Amino acid sequence: MGGFAAVNDDILQNILFRLPASSFASAACVSKSWNKVCDRVLTCPKLASALSLNPSLPDAVKEALDKVLSKPIRPQFAIASIGLQFSLEAAHQIITERLGSKVPVVTNAACGIIGRDAITNTMREVRWHMIPAEDGSVSRESEEFNRGIVLIVGYLPGLKVDAIPLLRPKMEHRVTMVDRFMMDIRNYTVSVSGSVIPAGVIMFGDQHIDLTPVLAELDCVMPEETVIVGEASSRFICKTARNSEEYNPDLYFFDAVALVFAKDKNKPPGIGETRFHATLSTGVMPFGPELKAISVTAKGTECSWLTASMNGYHQILDSQRLLDDISEEMDDEAADLYIGVIQKRPSSLEHEKMKLRTYLAFYEVLGGDEEYLVVDGVGIKPGDTFLFYHSDSATASSSCLNAFEKLKVLKPAASSSRNPYSNMDSNGGVFGGLLFSSHYRGETYFDSFPIYSNFPGTPLAGIVCNREIGRDSTAASMWQEAKEESPARCSLHVCTTVYLVFVYVPPSPNLYIN
């Protein structure tokens, strides 16, 4: 046997590991023996991420793609977040053409990006600002700085991944198909795993859609072990792996999309398990007495005007005086003000219409007068109770440290052996991270710190968001524990950073079959 066929498998494996993704894919097609060696190189899961601030869209996307594909990987999914001055359609087209037709891709417009620079490998956190000129146009400063991309590509053996959109028929603009969305997620999960429980869901919502009730339903039907994270208010484009005619963009608006991760029922022996762990760092603090909405007037879909009283009293409060008192008591004049509303609503799912869902929804306070309090968004009803919340730097800092400690426990015990084809030791561990950070937390926080410091060198990508998705009940628990009520669920946050880490658990030696 001559030539490469005679090369020792270990040496061949070492050579293949150094190939870029495209050459590696070609090598896997050379012969069955080479394909088997390639499979061994990719036994462990892998994430690759890169950030580029190149002001040229084609160059920035190319830099990010070249970096994430510079080593062997078989992409199963990709998430790209781009600057507000880049063309979403152009970036999405370049990425999907490079990755191929079978890879689900979500491309969204972000308020900022976090990750390692594709050229210098330095960690960057960039928060952009849209600065409109006096005539309403975008300023030159904004055009110059709202450009860049962060890209994350993943290969997770043992899992299947696809993008499932939340549809709204173009002929019926007000009807979002929540029932079908839940059923599509369930059917996909059952088809690939034999179970109705996905391992994780990463969601992206349209900026003009209120995802609060949708997330409440998703939180209800998904078991606690299913991690749900994402960005709720942006512009996005998605491509599914199946390219199904059921998701025809000529017939439907895409109000949201869920990247669904489900266990592969045909997982080969000797493959470990990928697990998802999420934690939150909140930046808001509740204060003041509990109030009740008395009357509510929705102004289209943009804002709500409400009157309020102290819970248990009938006198309508002077909202302007209330806001003036709050302003005088707040230490930080630049702090953002919200109300957190406890909402008890019937399910929108057909088979659970009679069940009430209790969840916490945040609304930004826009102002008020002697009678009305004005908040951003709609959905509040008379009788709903609420507290005021304000953004708080001390809370954000303390909560970020708490997130660091929670993720620290995922660090594996020291091992003397390492897998030469991954960035993990033989005990497995965290091999990548994704974070969703609030645009309103400001520029004084190093939000990647909990992941970056606990797992140095681990691929990491972050998206600066308008509204952050992350399952959590702690936001309402301070309010309700004293009343001995079960805490309301909260999946849609403000001034929060949501951390998602991917953890690899190696197969049991007793189950491994070579």
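The values are calculated or read from the model by the stated rules, or taken from the named source; none is laboratory data. Computed from a predicted structure; not experimentally measured. In this analysis, Cβ positions are derived from the backbone assuming ideal geometry, glycine residues included, and neighbour counts consider all displayed protein chains. Side chains are part of the model used for accessible areas, which takes the heavy atoms of the whole protein and leaves out ligands, DNA and RNA. Shrake-Rupley method; radii C 1.70, N 1.55, O 1.52, S 1.80 Å.
The table below lists the values:
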item	result
Per DSSP, loop GluC sites (Glu not before Pro) in segment 213-322 with at most 16 further Cβ within 10 Å	224, 225, 302
Over segment 286-391, relative contact order from alpha-carbon pairs under 8 Å, at least 6 apart, %	40 percent
Cα-projected label distance for residue 320 with residue 333, points at 7 Å along beta-carbon direction, nm	2.1 nm
Evaluated at q = 0.15, 0.20, 0.21 Å⁻¹: base-10 log I(q)/I(0), Debye formula over Cα of segment 254-360	-0.99, -1.32, -1.36
Eligible lysines near residue 299 by straight Cα distance, threshold 20 Å, same-chain separation 8 or greater	381
All Cα pairs of segment 55-118, percent lying beyond 15 Å	50 percent
Extended-chain gain in nm, criterion 0.36 nm per residue less alpha-carbon gap, residue 370 and residue 265	31.7 nm
Residues of type lysines that residue 239 reaches as a straight line, Cα spacing below 26 Å, ignoring anything fewer than 8 places off in the same chain	46, 62, 67, 71, 102, 160, 170, 263, 265, 267
Largest-first ordering by accessible area, 1.4 Å probe, given options 128, 305	305, 128
Spin-label model distance (nm) - residue 253 vs residue 453, 7 Å beyond Cα toward Cβ	4.3 nm
Long-range amide H partners of residue 264 with built H, under 5 Å	159, 160
Gain on full stretching of the segment that runs from residue 385 to residue 187 - 0.36 nm per residue minus C-alpha separation	67.6 nm
Accessible surface ranking that places the most exposed of 33, 508, 193 first, with a 1.4 angstrom probe	33, 508, 193
Dipole magnitude of segment 286-391, debye to nearest 20 (Cβ charges: Lys/Arg +1, Asp/Glu -1, about Cα centre)	1020 debye
